[in-house]
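Chemist: Pasting in a structure now, in structure tokens, and then I'll have a few things to ask.
The values are calculated or read from the model by the stated rules, or taken from the named source; none is laboratory data. Given the structure is predicted, the values throughout are model-derived calculations rather than measurements. Backbone-built Cβ (ideal geometry, glycine too); neighbour counts: all protein chains shown. Surface areas here come from the heavy atoms of the whole protein model, side chains and all, with no ligands, DNA or RNA. Shrake-Rupley method; radii C 1.70, N 1.55, O 1.52, S 1.80 Å.
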Amino acid sequence: ALQPRKESAMTKLFASILAACVVAAILAAPVAGKEGKERDSEPAKAAVIEINRAGHEQLGYTRAEMVGTRLSKFISPEYAAIIGDRIAELQEKGFLVYESAQVRKDGTVIPVEINSRTFRLDGQPAFFSIVRNIAERKRIEQALQQGEHDLKEAQAIGHFGSWAHDMA
């Protein structure tokens, strides 16, 4: 069973980091079913064992509410469904950077970029992740795409285009 860790050097380091950081334990492999065949494990195969203030505040929880809880609780359903695949890839490569979406305590969803690395904690597999809120980046990307669409539409209506030529 996962227990909150006592104040340690890791806890003190986390307190000094401004980005959302989480350490999660990779849980045991799926349990064999009645027929002796391996059954699918639930989507969450990891649980929070440490989180810094920026991490739990970003989601609107207290540290105590998050520690010991499976990651799937904090991930939007479409990403929670593939967390097992992400963890397998992370274990294979040792690191992984990917986009996901987290669910705040109030139910709002925020797009995030997660940068994870594996390590061993007390002899057990675990991973450390830095989680960046990318909502503003996504908003800017969407506005840029809309601007490009509007430009193409205006060029089609006006029967003109644009081109680039390298004079050098």
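Chemist: Compute, for residue 120, the solvent-accessible surface of its heavy atoms (probe 1.4 Å) with the complete set of protein chains present, and express it in square angstrom to the nearest 10.
Modeler: Estimated to the nearest 10 Å², residue 120 gives 150 Å².
Chemist: Now, a different point. Add +1 for every Lys or Arg and -1 for every Asp or Glu among the other residues with Cβ under 13 Å from the Cβ of residue 141, and state the total.
Modeler: Neighbour charge sum, excluding residue 141 itself: -1.
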